[in-house]
Protein chains: 2
Amino acid sequence: MTTGALSDRTSRVLACLVKDYIDSGEPVASATLSRRAGLGVSPATIRNVLAQLEDMGYVSQPHTSAGRVPTDLGYRHYVDMLLETRRATRDGSSVEARLREQAGDAPLFDQLLSSASHVLFEVSHHVGFAIAPSDMHAIFQRIEFVPLSPARVLVVMVTRGSHVSQKVIELSEAVAPSALTQAANYLNAEFAGLSLDEVRQAVLARLEQERTLYDELRAVALKLARTTLEGIEAPTAVFIDGASSLAGDASAVSAVSLSTLRTLLRMVEEKQRLVRLLDAYLDGPGVAVVIGAEHPDPQLHACSLVVATYGEGARRGAVGVIGPTRMHYSRTISVVDGAAVAVARFLRDQN
Amino acid sequence: MTTGALSDRTSRVLACLVKDYIDSGEPVASATLSRRAGLGVSPATIRNVLAQLEDMGYVSQPHTSAGRVPTDLGYRHYVDMLLETRRATRDGSSVEARLREQAGDAPLFDQLLSSASHVLFEVSHHVGFAIAPSDMHAIFQRIEFVPLSPARVLVVMVTRGSHVSQKVIELSEAVAPSALTQAANYLNAEFAGLSLDEVRQAVLARLEQERTLYDELRAVALKLARTTLEGIEAPTAVFIDGASSLAGDASAVSAVSLSTLRTLLRMVEEKQRLVRLLDAYLDGPGVAVVIGAEHPDPQLHACSLVVATYGEGARRGAVGVIGPTRMHYSRTISVVDGAAVAVARFLRDQN
DNA sequence: GCTGGCAGTCTCTAGAGGCGACTGCTAAAT
DNA sequence: ATTTAGCAGTCGCCTCTAGAGACTGCCAGC
């Protein structure tokens with residue numbers, strides 16, 4: 001028997017073991033499997049099968065006289081089976097309905113993502129998250145200058161997806177409110193629709209070109225734009241919900257160790273960490289599952305990640321769930337997939 | 001000896017006990033106090049004092065043959081002493097420096113508060129928070145309409161303190177972009193500087209008054225304003241940092257129970273809960289400390305709250321720290337006080 | 001009023017023993 | 001060759017016990 005292909009019976013025993021362990025959280029005994037797997041074989045036979053599975057690394061024993069527990073590889077086999085059979089039977093309608101109810105009819109995209117993370121949390125009881133496409137907010141739509149004091153200006157910049165960034169800039173010299181308005185008009189007329197990078201370059205080019213500026217208005221506008229774009233990064237918007245569930249998990253079993261808990265909480269605080277973690281998995285389409293030790297970060301070896309992408313090309317974002325390795329994969333995969341489909345549809349409908 | 005006034009020696013013993021317990025986390029023995037209190041009396045004498053303190057409810061024994069642990073009342077006495085002596089020796093300069101470094105030179109007020117919560121967390125190693133004055137964002141400064149599609153408009157509203165609110169509204173009929181611009185100009189000219197409530201009322205009044213509207217531009221502007229102000233609440237801005245430290249606390253001692261942990265985490269998620277909790281303590285000026293069972297919420301009986309207000313009158317906000325009852329009060333009070341002073345100064349400088 | 005000494009109380013830890021839950025192995029059955 | 005039944009063996013967990021250590025409370029003397 002080669003590693004890749006398990007016989008039908010062996011595979012079935014493994015699947016039953018994983019399911020049982022996910023439900024009970026306790027090592028599964030051969031007698032239990034004999035009763036539940038529906039194979040009509042005795043515990044002794046199951047024991048033989050289990051011995052093979054253990055040799056191949058799919059299950060392990062916490063101690064000599066205990067039942068079997070799935071290893072990460074065991075989960076992997078189970079999840080792959082699930083993903084295989086799912087292709088036919090996806091049904092995210094209930095998630096989509098919930099999302100609609102939660103987010104309202106005409107949400108901002110950010111609101112939709114926030115709702116998505118919330119729904120994922122509520123349904124899965126694990127930490128839910130949603131990430132906007134990285135270029136989401138990178139297209140310049142509009143700029144506005146609000147005078148605060150003669151030499152201080154609040155800049156409000158709207159980028160695609162109705163995202164609003166703000167910044168206060170200090171001017172070297174006073175600028176009249178009317179000049180600010182005109183500067184904004186000029187910039188809006190000239191640059192709307194370009195990417196932030198393109199705007200940046202265009203602004204610098206023109207400042208260079210028209211070094212001897214007759215038109216003082218333009219000069220002010222371009223300088224303001226330059227200052228505004230300095231150091232403004234369109235940050236990837238990340239929404240996370242359900243951090244409080246971590247405490248619940250920790251009480252149930254200490255399967256999720258405290259250091260893991262802290263890593264996750266810190267991730268909630270520094271959301272960029274999550275983005276970095278996910279970058280590696282944002283390639284393929286559909287639902288991906290990362291289990292335990294498959295994570296690069298050793299602190300997350302006790303966690304699994306279920307993530308699905310939405311959107312296409314560069315405008316690709318992700319939604320997903322982070323929970324303990326022992327999670328209800330079947331339901332979680334359904335839910336995450338449903339959420340991704342719903343978000344994708346919203347995005348399509350809007351364009 | 002009456003309850004209110006402890007003799008000098010008794011008070012000193014209590015203070016020493018509290019300090020020691022805060023450092024060590026373990027019941028303090030009479031011998032230890034005899035050594036450290038600097039009173040030059042034998043353990044037996046200390047035992048007599050402790051027996052009195054126990055009668056009066058300032059300390060308790062976890063079990064018969066253990067040292068003493070301060071009760072909430074004991075902490076209270078200690079903290080009151082601290083607050084008394086602090087009046088002379090406040091020194092928040094290091095906190096202010098840190099805050100400046102963290103927030104940069106010309107931060108938005110929201111950024112300042114966010115930095116404040118972060119600094120409080122870093123210095124105290126407990127959960128730090130900062131709350132903006134409730135009316136902070138309630139003065140209308142400017143409005144802007146960005147067309148998304150013929151019948152959908154993104155409204156960007158700037159209120160005092162450079163706070164930006166946004167909302168998408170659906171129009172019953174298409175409005176030309178130029179009309180939107182003019183509407184914004186009109187509203188900005190008419191209503192800047194009024195409170196949101198005043199704006200709301202004024203808009204309704206004018207709509208009523210000029211029922212037969214010649215000026216279509218005005219009609220559009222007022223209707224847009226009405227729709228915008230519907231259901232827009234200037235939410236109290238709350239910043240919290242350091243939730244991940246909770247996990248650390250929980251590992252150190254389970255003094256902070258899991259249900260408490262969950263309550264706090266949920267508070268981080270639903271920030272309005274924190275505001276509600278604090279409302280009761282936002283009356284007086286200066287630093288307030290709420291210890292253990294003094295909290296109305298029984299889930300927080302294991303926690304203490306150190307909070308200071310800044311600003312005056314209705315424009316009063318708060319900064320503070322939430323941590324276990326056994327926290328380093330002396331340092332925490334310093335830090336919170338320093339942060340409040342720094343924020344207050346920033347607010348004063350800006351006006 | 002303070003102090004030294006002593007008996008008493010309680011926790012904590014380590015070790016022993018019994019119980020229960022499974023497995024691995026072997027030998028017989030299919 | 002596969003499956004099964006039975007049995008011996010292993011290990012975790014719980015309880016019980018005993019001993020050590022840490023303090024206190026109280027009493028008698030200063």
- Message: I need the phi-derived Karplus couplings for segment A:316-323: 6.51 cos²θ - 1.76 cosθ + 1.60, θ = phi - 60°, integer Hz, Gly and Pro marked x.
- Response: 10, x, 8, 10, x, 9, 10, x
- Using a Förster distance of 60 angstrom, determine the FRET efficiency expected from the C-beta separation of B:LEU207 and B:ALA51, and round it to 0.05. 0.20
- Copies of A:HIS63 compared via label points 7 Å along Cα→Cβ give distances in nm, shortest first, of 2.5
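How big is the charge dipole of the protein assembly as shown about its Cα centre, in debye rounded to the nearest 20, if each Lys and Arg gets +1 on its Cβ and each Asp and Glu gets -1 on its Cβ? Don't skip to the end; give the middle numbers.
Values: 68 positive and 78 negative charges, 233 e Å.
Its charge dipole is roughly 1120 debye.
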- Item | Förster radius 56 Å - calculated FRET efficiency between B:SER330 and A:SER178 (Cβ-Cβ, nearest 0.05) | 0.55
- Query: Which of A:SER94, A:SER134, A:SER334 moves most in a GNM of chain A, Cα contacts under 10 Å?
  - Reply: A:SER94
- Could you go through segment A:165-176 in sequence order and give the Karplus-derived ³J(HN,Hα) for each residue, using 6.51 cos²θ - 1.76 cosθ + 1.60 with θ = phi - 60°, rounded to whole Hz, and x for Gly and Pro? 10, 9, 6, 9, 10, 9, 9, 6, 9, 5, 10, 5
- Listed residues A:PRO27, A:PRO177, A:PRO324, most fluctuating in chain A (Gaussian network, C-alpha, under 10 Å): A:PRO177
- Report the one residue of A:PHE121, A:HIS295, A:TYR58 whose Cα lies farthest in the direction of the positive end of the charge dipole of chain A (charges on C-beta: Lys and Arg +1, Asp and Glu -1; origin at the Cα centre). A:TYR58
- Note on the structure: With -39,500 (n - 2.57) per DSSP H segment of 4 or more residues and division by the full residue count of the protein assembly as shown, the 222 nm estimate, nearest 500 deg cm²/dmol, is -16000 deg cm²/dmol
- Around A:ARG316, which amide H atoms from residues at least 5 apart in sequence, or from another chain, sit under 5 Å from its own amide H, with H modelled in the peptide plane? A:SER134, A:ASP135
- Message: Label position 7 Å from Cα toward Cβ: report the copy-to-copy distances for B:LEU39 in nm, one decimal, ordered from shortest.
- Response: 7.4
- Query: Can you list, shortest first in nanometers, how far A:GLU198 lies from the same residue in the other copies, with each label 7 Å from Cα toward Cβ?
  - Reply: 4.4
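Return the FRET efficiency for the residue pair A:ALA31, B:HIS63: r is the Cβ-Cβ distance, R0 is 51 Å, and the value is rounded to the nearest 0.05.
Numbers: r = 45 Å, r/R0 = 0.88.
Taking R0 as 51 Å, the efficiency between A:ALA31 and B:HIS63 is 0.70.
What is the ratio of the Cα radius of gyration of segment B:251-351 to 2.2 N^0.38 Å, where N is its residue count, to two decimals?
Details: Rg = 14.3 Å, N = 101, 2.2 N^0.38 = 12.7 Å.
For segment B:251-351, the normalised Cα radius of gyration is 1.12.
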- Task: Taking the Cβ of each residue in A:ILE169, A:ILE139, B:ILE131, B:ILE240 as the centre, tally the other Cβ atoms inside 10 Å and list the residues starting with the fewest.
- Result: A:ILE169, A:ILE139, B:ILE240, B:ILE131
- Separation between the A:ARG152 and B:ARG273 pseudo-spin-labels, each 7 Å from Cα along Cα→Cβ, expressed in nm? 3.5 nm
- Message: For segment B:170-229 and segment B:332-351, what is the centre-to-centre distance using only Cα atoms, to the nearest Å?
- Response: 39 Å
- In Hz, Karplus ³J(HN,Hα) per residue of segment A:60-67 (6.51, -1.76, 1.60; θ = phi - 60°; x = Gly, Pro): 8, 10, x, 7, 3, 9, 10, x
- Message: Suppose each label sits 7 Å from its Cα in the direction of the beta carbon; what would the B:GLN350-B:ASP297 distance come out to in nanometres?
- Response: 2.7 nm
- Among the lysines, which have Cα under 23 Å from the Cα of A:LYS167 when same-chain residues fewer than 8 positions away are ignored? A:LYS223, A:LYS271, B:LYS167
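FYI, it's all coordinate maths here, none of it is from the lab. From a predicted model like this one, the values you see are computed outputs, not experimental measurements. So basically every Cβ, Gly included, is an ideal-geometry build from the backbone, and we count neighbours across all protein chains shown.
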